Each structure stands twice: as C-alpha cells, then as structure tokens.
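Novice: One structure, as structure tokens, below. Some questions next.
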Amino acid sequence: MSDTVISVQKVSKAYRLGQIGGGTLKEDFSRWWAKLLRKPDPFLKIGEEHNARKIGEQFWALDEVSFNVKQGEVLGVIGRNGAGKSTLLKILSQVTMPTSGQIKIKGRIASLLEVGTGFHPELTGRENVFLNGAILGMTKPEIRKKFDEIVAFSEIEEFIDTPVKRYSSGMYVRLAFAVAAHLEPEILICDEVLAVGDVEFQKKCLGKMQDVSRGGRTILFVSHNMAAVTKLCDRCALMKSGRLQLIGPTNEIMQQYLKFGAQGDGIRVWDKFDNDEIRIHTLKILGADGAITGHVDIRRPFTVEIEYAILRPIPGFRLALRFIVSDGTIAFTASDSADSAYETKPSSSGHYVARCVVPGELLNEGFYSLNLSADIPFKKELFVEEGVLGFSVEQTGGVNARFSEKWPGVVCPRLKWQTRSVGDKSLQLQEI
Amino acid sequence: MSENPQMNVPAHSVPADEGWTSVITPHRGWLDWRLRQLWRYRDLITLFVWRDFVSVYKQTILGPLWHIIQPLLTTITFTIMFGRIAKLSTEGVPAFLFYLSGNVMWSYFANNINKTSSTFVGNAALLGKVYFHRLVIPISITLSNLISFAIQLGIFLVFFAIYYFHGANVHFTAWVFCVPLFLLMLAGYGLGGGIIVSALTTRYRDLANLVALGVQLLMFATPVIFPVSAIPEKYRWVLQYNPLTPVIEGFRLGFLGAGHVTLMQLGISFGVMLVVLSIGLMLFTHVEKTFMDTV
C-alpha cells in the first residue's frame, strides 16, 4: 500500500490580471446595450482592441506543480514572495480551486492560513475557542475534550472569560494558536503562523508542531523563518515564479535556496507594508564601482544600502544586517548602533538612506544571504525579515586565489605574514 | 515513489488509486451541492447562530429588545398611515393585529434575503482563510432570523390574546397548523433569493444595493399591509402571480381567520420555492469555488 497522503498532480492556477469582469451591473448593461445598437464599447479606451474580458492577460500563479507527500512527513515550502507558495496552500485547503490539474488527499486536512480567523471581539476567550475550533473543523465534543489543554497552552487562564477585544495582541495570538495547535487532522497546513507572538511563545509553537509530526501526522509548512524550516522539516520544496524548482532533503534545498537568492540582481524592493512606524523600501548591494550587483568582488569593498521611511519618531531606533553563510552559519552581524554617530542618528519621521560598507578581503567566496531587522533595543521589534537578499562573493584573485581551491572558512581576511630565519631554533610564527 | 530525493522535479510518479478521501479538481458540477458534507458542519451552524444572537445582545444597550421594538414601531406606523389616514380595509380584523401579522411574516423573509445576499462579499476575509462548507453561512443566518421570528411571534400572540379577550373579531382556524410550512417556504424563498444575489454580487457589486430596494417594493406586491380583497380586480393578478401571496394570506387565515388561500395556490408556491432554491444552490456552487479570486 502506498503511504502517500497528498498527491499534487500538474496543478496550475491562473489569475486574471487587471480589471476583473465588468465591475458593475451598470457597466455590463451599457456594454450590452451598446453592442445591441452596434456602437463601440463605451468602456473601451480609445485605441484599445475589443477584448472585453482581456483573456490574454493571465498570470500563472502556479504552473504545473507536481509532488507527493508521505504520511508523517513534514514538508517545508520555501520561496520568495510571489513564488506561489500561498496559492498552493490555498488550493490545498480548498479556499480556491485550481485552474487545471488535480490533488488527491488521504485523510482530514486542516489549514492554518492565519491564526484567529473568525474570532469575534465581543465574545469571551472561552466562547471564541469553541467558535474558532468549529470554523477550523472541530466538532463541539472534540473542542470540549481539548478545552483545558488549549487554555493551558495559551497561558491566559485568568482571562478566559473576558471578551477578546480587551486582550493584548499577544494574548489574542496565543489563544488563537492554541486552538489551532490542538486540531487533530491527519494533514496540517501552516502558513507563517510562527511569525507571531514573542520568542518564547514561538519556541513553544515550534515544539508543539514537532510533537504533532512525531504523532505520525503530515505537515505542510510554509515559512520565511529558515531556522524553523530547518528544524522542523525533513524535506523541502523550493518554489520560484509558480514552478516547483526543487524538492528534496531540507539541508540540500536550503543551500540551493540561498544560492538561488544570489542569482538575484542585488536589489530587493518592498511594495507591501504592514507597519505604521517604519517602512523599508529597498535594500541594494552596491559593488565597488557603485553599481547594483548580486555578485561582489572578494577583494574590494561593497556597500549594503537600505532606503527606508520613518513614519513617526522612533527614538533609539536601530537597523541590523545579518550575513548568513549558505549552511546557515551567521558570518557576522552589522548594526548602525555600532557607529559612533548612533546616539545622534536622526530618528524623526522622514526618508533615509543607510549605508553599511563591508571591507574587501573579509568574506570568503561563496553565497550569502542577508537578514534585515529594525528595532528599538530591548523594547520593540519593528521589522524582521530573513533571507531578504542573497549575493555571492566572487573569487577574483583574493587572498586564496593563488591556488585554485576554495579555502574553508566564513571569512578570508588578508593577514600579515612574516617569515624569517631564526637559525636552528624551532620555527615561530610572529605577527607584527 | 522512491526513497531518493527528487531533485529537479519532473520525475514524478502518480501513486496508485487507492483510499483517497478527497480529490480536488478544477471542475465541479452545478448539482454537486455536497449536502452530506454540510451535515458534518452542523456544529458550526449552531455556533454561528449562537454567535449572531449573543453578539447582538452584547453590543447593544437594548439587546434582544430590538427584536421587539422594530416590528412594533413599524406596525404602529402602518396602523396610523394605512389604517387611520389611508383607511385601507383589513377585512374586519383590528388594524394593529393585521399589520403586525403581516410584518412578522414579511420581516422574516426580508431579513433572510437581505442578510444572506452578502454571504460572499461580507465574509470574504473569513472565507479566504479557511475552508468550511460555504452554505454554513447563509443557513446559519436563516436560523438566526428564526430566533427573532419566534420572539416576534410571541409578541403577536400576546397582542392577539389581548384583542381576543376584548371581543375582537379574530379566531384561529385549522390553517394555523400550516404555519411551520409557511415558515419553511419563507426560509426557502429568502435563502434561495439571498444566495442567488450573493452569487451574482461577486460579479456585480451594485446588485447588493438593489436587493434592499427590490425587497421593499416586493412588499407592496404582497398582501402585507392590505388584504388581497382590498385590491381592485384589475390589479389583483399582480398579487396572484406573486408566490409569496398564499404564504402571507395563509398565515393570516390561520391566526386571524381572515384571508384567502387554496391548497392549489400553496402547492404551486411551494414548487416555485423549490425552483428558486435549486437555482440558488446551483449558482452558489458554481461561484463558491473561485469567488476568492475575484472578491
């Protein structure tokens, strides 16, 4: 007997771009009326071809994606924004239908596309546990059986009979995740659920997910949190532009992912913001010649430039860049708080460009990925994103270029060596 | 599938056809209503009904009193407007009771159609996140409205008793036993009409505004504020072709002993209701699978 529980077969999904349909009944009616009188379409712009539905303009969010998932497997789905991960999960959880292809599923499937779905602010925590549980597919007796466990997990026992509108956002999320974590489907689909709550709670969620997978259940896990993916998933699927690029053991895929980030063009632009304090607009890597690049010269300095806007004054605001090697090791962290000008750095609202110059002959050749964060130290996290941009450090005749081998090590600095003869005494290395 | 990692995907094997519990395909028949699956969501339906009731109670000062105040105020207005000023006939029934009975029935139908018509657009956030049988929402709305109907029916019976003991010309008839059937029909019409509109509003947003207006106009084509007999022969056909007429008249005949309805009319109306409901279910099924892409 096959132990495959999800079989995705050539699934594609097209979205229509631009204006969808006629919009209003009035427009469709006027269009129909005009057609009847043999007049031109009143809503067609001058010079535009008559293609009322714009059939040509389709966007394939998923393009013939196929893979199988076995029972008890934890499959991570990774890829940049817009790679089609969320669309895939939406189809799997039946929120929308594929345009072609089919998916076969064995067992009950539950999806956690966002925690707290369907919470009603006026209802108490207790009432919302039942409501949310039912929305996620549990029956009343199931919820009743798990109720104490859910409340204990959420750590909000005292407030369980308070309307959730009085909850802090942390409490809200904890309760919501607690409900979701106690679903007992054969297949669980999670999307970014761990991007919530404080670090302690995140750890707890991760632990809970591990328990779930040990219990023989299958999990599909989409996340930008690479550490979580590495920890949780046996296998990973890497998506790019609607296609399944690679699928295989997590560590192999992870390396490919970071590498494949390096094929990027050295610039990352954000167009979605969910923050009303700071907005990161772009992050660029500038080579020694000042041009944007995804490949930097090992010998020469390069600059990471971050363009951002502060929407309201954030005293004590700090930016940090973390350079990650392709095996996940942190090469180093660079923060503007290390600069002597940090104390007097402007933090009032406005647009800023921050530059961090990384000296040449520091990083070893290879692929790197950047994590970007903005926070007020010990107070508040404003922005965190892992794998913001990848880049490669290219061997162009650096320290280790003399022989055609890659030297091990994260950094590859040019250090001073001096060798002198000391007669017949034992050999000594001395740094001057 | 082999144990080896599948690098560079295309080498893809399709597992043998065995024991699949569900298959997601792009196509779904117009008649694939999945009613068995709907039954599995009965707990969710009851929780939604309960949420609607409780949240109204928690949010407003007067709480469930609104269920009483609204029909009473409307009825008083009608009594003054149509009874005292326009002096419309009420077939010998006290005007207040006449209008109240019409109101109670009509508001059940009107609330059903008005509220279910925003199923997709109004719940897009929820429906975009998680799958449950989409009919859960309109059905729970219909059931929630049944609670307010029950409260209003209680009010009606109180006033009926008051009038009855003061010797007014009102009495129950055997038709009163058909009231559950009348309710079922109003629910069917409200739900059917509502889901038709909800399916169409995913494409035509402005239709939602039209519904409230349409329902209001429909009231004047239904014997809610006047009996059929008060309408001149010339225009009576409007009421006779209206499938809601026998339901309202039948209700009045049952509780107040005034009204005209035949089993034949009721049977036809029931048939029309089934047709409306079926069209609604077909459209709903057709739209639900992809509406998230357009809302």
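The values are calculated or read from the model by the stated rules, or taken from the named source; none is laboratory data. Please read all numbers here as calculations on a predicted model, not as lab measurements. Ideal geometry is used to build each Cβ from the backbone, glycine not excepted, and the neighbour counts take in all protein chains shown.
Novice: Counting just the residues of the range A:150-171 that are assigned to a helix (DSSP H, G or I) and of a type in the set (A, V, I, L, M, F, W, C), which one comes out nearest to the other protein chains (Cβ to nearest Cβ)? Write out each step before concluding.
Specialist: Of the residues in the range A:150-171, the ones assigned to a helix (DSSP H, G or I) are A:150-154, A:157-159, A:164-166, A:169-171.
Narrowing the set further to residues that are of a type in the set (A, V, I, L, M, F, W, C) leaves A:150-153, A:159, A:164, A:171.
Details: A:ILE150: 16, A:VAL151: 18, A:ALA152: 22, A:PHE153: 20, A:PHE159: 17, A:VAL164: 12, A:MET171: 19 Å.
Filtering first and then ranking leaves A:VAL164.
Novice: Filter the range B:24-44 down to residues that are in contact with a helix residue (DSSP H, G or I) (Cβ under 6 Å, 6 or more places away or on another chain) and at the interface with chain A (Cβ under 9 Å from one of its Cβ atoms), then give me how many there are.
Specialist: 3
Novice: Residues being part of a helix (DSSP H, G or I) and aliphatic (A, V, I, L, M): count how many of those fall in the range B:222-237.
Specialist: Step one: filter the range B:222-237 for residues part of a helix (DSSP H, G or I), giving B:228-230, B:233-237.
Then drop every residue that is not aliphatic (A, V, I, L, M), which leaves B:228, B:230.
The number of residues fulfilling the criteria is 2.
Novice: Could you check the range A:308-329 and list, in sequence order, the residues that are within 21 Å of the chain's Cα centre (by Cα), at pLDDT below 85 and not hydroxyl-bearing (Ser, Thr, Tyr)? Outline the logic, then answer.
Specialist: Quick first cut of the range A:308-329, residues within 21 Å of the chain's Cα centre (by Cα) only: A:308, A:319-329.
If we keep only those that are at pLDDT below 85 as well, we get A:325-329.
Listed by number, the residues that qualify are A:VAL325, A:ASP327, A:GLY328.
Novice: Look at the range A:112-134 and say how many of its residues are in contact (Cβ under 8 Å) with a residue 60 or more places away in the chain, of a type in the set (A, V, I, L, M), assigned to a loop (DSSP other than H, G, I, E, B) and facing another protein chain (nearest Cβ under 9 Å).
Specialist: Counting residues in the range A:112-134 that are in contact (Cβ under 8 Å) with a residue 60 or more places away in the chain, of a type in the set (A, V, I, L, M), assigned to a loop (DSSP other than H, G, I, E, B) and facing another protein chain (nearest Cβ under 9 Å) gives 1.
Novice: While we're on this one: Please state which one of B:LYS58, B:LYS87, B:LYS115 is crowded, with 19+ Cβ neighbours inside 10 Å and of a type in the set (Lys, Arg).
Specialist: On the way: B:LYS58 fails: crowded, with 19+ Cβ neighbours inside 10 Å; B:LYS87 fails: crowded, with 19+ Cβ neighbours inside 10 Å.
Criteria check complete, one pass: B:LYS115.
Novice: Let me ask something additional. Quick one: would you say A:PHE147 is touching a residue at least 60 places away in the same chain (Cβ under 8 Å), part of a helix (DSSP H, G or I) and either buried (at least 17 other Cβ atoms within 10 Å of the Cβ) or outside the structural domain of A:GLU73 (by TED's automatic domain parsing) (or both)?
Specialist: So A:PHE147 does not fit the description; no.
Novice: Give all pairs with beta carbons closer than 8 Å in which a residue from the range A:97-109 that is more than 7 Å from chain B (Cβ to nearest Cβ) and farther than 25 Å from B:THR294 by Cα meets a residue that is among the charged types (D, E, K, R) and assigned to a loop (DSSP other than H, G, I, E, B); count only pairs at least 6 apart in sequence or on separate chains.
Specialist: Going by the 8 Å Cβ cut-off, the qualifying pairs are A:ARG108/A:GLU186.
Novice: In this structure, does A:SER349 turn out to be in contact with a strand residue (DSSP E or B) (Cβ under 8 Å, 6 or more places away or on another chain) and hydroxyl-bearing (Ser, Thr, Tyr)? First the steps, then the outcome.
Specialist: Working: in contact with a strand residue (DSSP E or B) (Cβ under 8 Å, 6 or more places away or on another chain): yes; hydroxyl-bearing (Ser, Thr, Tyr): yes.
Spelling it out, A:SER349 is indeed in contact with a strand residue (DSSP E or B) (Cβ under 8 Å, 6 or more places away or on another chain) and hydroxyl-bearing (Ser, Thr, Tyr).
Novice: Let me confirm something: among A:PRO315, A:PRO346, which residue is without any contact (Cβ under 8 Å) to a residue 12 or more places away in the chain and more than 24 Å from A:ASP297 (Cβ to Cβ)? Walk me through how you get there before you give the answer.
Specialist: On the way: A:PRO315 fails: without any contact (Cβ under 8 Å) to a residue 12 or more places away in the chain.
Testing whether each residue is without any contact (Cβ under 8 Å) to a residue 12 or more places away in the chain and more than 24 Å from A:ASP297 (Cβ to Cβ) leaves just A:PRO346.
Novice: State all residues of the range B:120-155 that are aliphatic (A, V, I, L, M), in a helix (DSSP H, G or I), farther than 26 Å from B:VAL176 by Cα and more than 16 Å from the chain's Cα centre (by Cα); if no residue qualifies, say none.
Specialist: Residues satisfying the conditions are B:VAL121, B:ALA124, B:ALA125, B:LEU126, B:LEU127.
Novice: Looking only at residues that are within 14 Å of another protein chain (Cβ to nearest Cβ) and assigned to a loop (DSSP other than H, G, I, E, B) in the range B:168-221, which one is nearest to B:HIS133 (Cα to Cα)?
Specialist: B:THR202
Novice: Right, here's the next one. Within the range A:79-96, take every residue that is more than 14 Å from A:SER241 (Cβ to Cβ) and touching a Ser or Thr at 6+ places or on another chain (Cβ under 9 Å) and give me the one that is farthest from the other protein chains (Cβ to nearest Cβ).
Specialist: Residue satisfying both the conditions and the ranking: A:LEU89.
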